[in-house]
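As structure tokens, the structure follows; a few thoughts come after it.
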């Protein structure tokens, strides 16, 4: 991952406001991908318990690293590590689609140099051929390199060399019989602001791959950008720019994104991390070009409570769940089964009221960035009894009866429901058949 610097955006940011109404509903045949970065494939020991927990949380995909240096420990001697086979086998067993990153350099070729000269490019191509052939039936997504732009996000030649590598690598991957999704970019927040992603799109990236991958971290940026709501507003600017350059929609895959739960600089409490996770996943669905989000990451990397890098996980090092894991488990059925309805969604005075539908069934996902407040909620049809909801801040309770009665009059029902920083998933009932989509 990349720790974003404190730099100004290339365009001014706007508050979320009416941008929700400008989005389209995601295509029904493209389910939103719920992903998690794992860093398990290259570690010793079994990963089965963790992968089983991800399946239980409703995760669709896991992202890990197919290090070139491990696939080719000696020059010209390629092999698939037994740990890779075990990890990918377990991921398949738990219905988790693997996304593998190809790259990171090799000490046998110019001391981990990027593939920019013929010798290193040819060797990288041989590694790509071997890995994709040997793992053809085990991998659903490949990502070409990780954060290439981090070294130099402003040099056009640096971007062009990466574009050339993408073209060559995509040709090699397409030779495999099993279709897979090919992603490229892994562009950092700095690279997004300084035009690296623009240069990739201008260089024809979309002619070779299925989507542009982004790592849009904002946790260490100035306070103006340090919330999920500001984050999605910034991504809307990025998306609009890329669409203009490409003259068509640009499929975006957020293959790393998260907030750390550390003490001090750039950190949040574990509870706020969970609230931000829920808001990030729901807001990502309001931007149709975003096809999936891979939360970074599954495990805390260490035990230092002050270090942001050690505290991104859904789980602590002893595998005990943090609130963010439980929240993801509570919201994943909604993320997977429901589709965003832009026309009926709105934002007002820091309250976010997002409507989702599954056929005729309607729900409202609501939260506020300010103090707890009560909002008026209208049902989709006559509702008996009390308001039912899932509170992402109390995930262990599942669907709960709020004790708040629906007030019905003339075939319309409404209620006053309190909301806070954690999204509440409120059941609105079903549309009458005549009006059901």
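Inspection of region 269-292 identifies at least one residue that is assigned by TED's automatic domain parsing to the domain that holds residue 38 and without any contact (Cβ under 8 Å) to a residue 24 or more places away in the chain.
In the set (1) touching a helix residue (DSSP H, G or I) at 6+ places or on another chain (Cβ under 6 Å); (2) in a helix (DSSP H, G or I), residue 275 fails one condition alone, (1).
Scan region 380-393 for residues that are surrounded by 15 or more Cβ atoms within 10 Å (Cβ to Cβ) and modelled with pLDDT of 95 or more and the total you get is 7.
Just one of the listed residues (120, 101) is assigned by TED's automatic domain parsing to the domain that holds residue 177 and crowded, with 20+ Cβ neighbours inside 10 Å, and it is 101.
With respect to (1) within 27 Å of residue 232 (Cβ to Cβ); (2) surrounded by fewer than 17 Cβ atoms within 10 Å (Cβ to Cβ); (3) touching a strand residue (DSSP E or B) at 6+ places or on another chain (Cβ under 9 Å), the lone exception for residue 352 is condition (2). Any chance region 384-397 includes a residue that's within 16 Å of residue 286 (Cβ to Cβ), touching a residue at least 24 places away in the same chain (Cβ under 8 Å) and touching a helix residue (DSSP H, G or I) at 6+ places or on another chain (Cβ under 6 Å)? No - not one qualifying residue is present in region 384-397.
Considering (1) surrounded by fewer than 24 Cβ atoms within 10 Å (Cβ to Cβ); (2) over 14 Å from the mean Cα position of the chain (by Cα), say which one residue 297 fails and leave the rest. Failed condition: (2).
So that you can scan it fast, the table gives a plain yes or no per residue for (1) assigned to a helix (DSSP H, G or I); (2) buried (at least 21 other Cβ atoms within 10 Å of the Cβ):
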{"site": "192", "(1), (2)": "yes, yes"}
{"site": "198", "(1), (2)": "yes, no"}
{"site": "206", "(1), (2)": "yes, no"}
{"site": "230", "(1), (2)": "yes, no"}
{"site": "245", "(1), (2)": "yes, no"}
{"site": "255", "(1), (2)": "no, yes"}
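Restricting region 378-432 to residues that are assigned to a loop (DSSP other than H, G, I, E, B) and closer than 21 Å to residue 229 by Cβ, the residue that is farthest from the chain's Cα centre (by Cα) is 420. Highlighted here are the helices (runs of 4 or more DSSP H) found entirely within region 64-149 that include at least 3 residues which are modelled with pLDDT of 95 or more, over 16 Å from residue 40 (Cα atoms) and out of contact with any strand residue (DSSP E or B) (no Cβ under 9 Å at 6 or more places or on another chain): 118-134.
The values are calculated or read from the model by the stated rules, or taken from the named source; none is laboratory data. Only a predicted model underlies this, so the values are computations on that prediction, with no experimental measurement involved. Cβ: placed from backbone, ideal geometry, glycine included. Neighbour counts: every protein chain shown.
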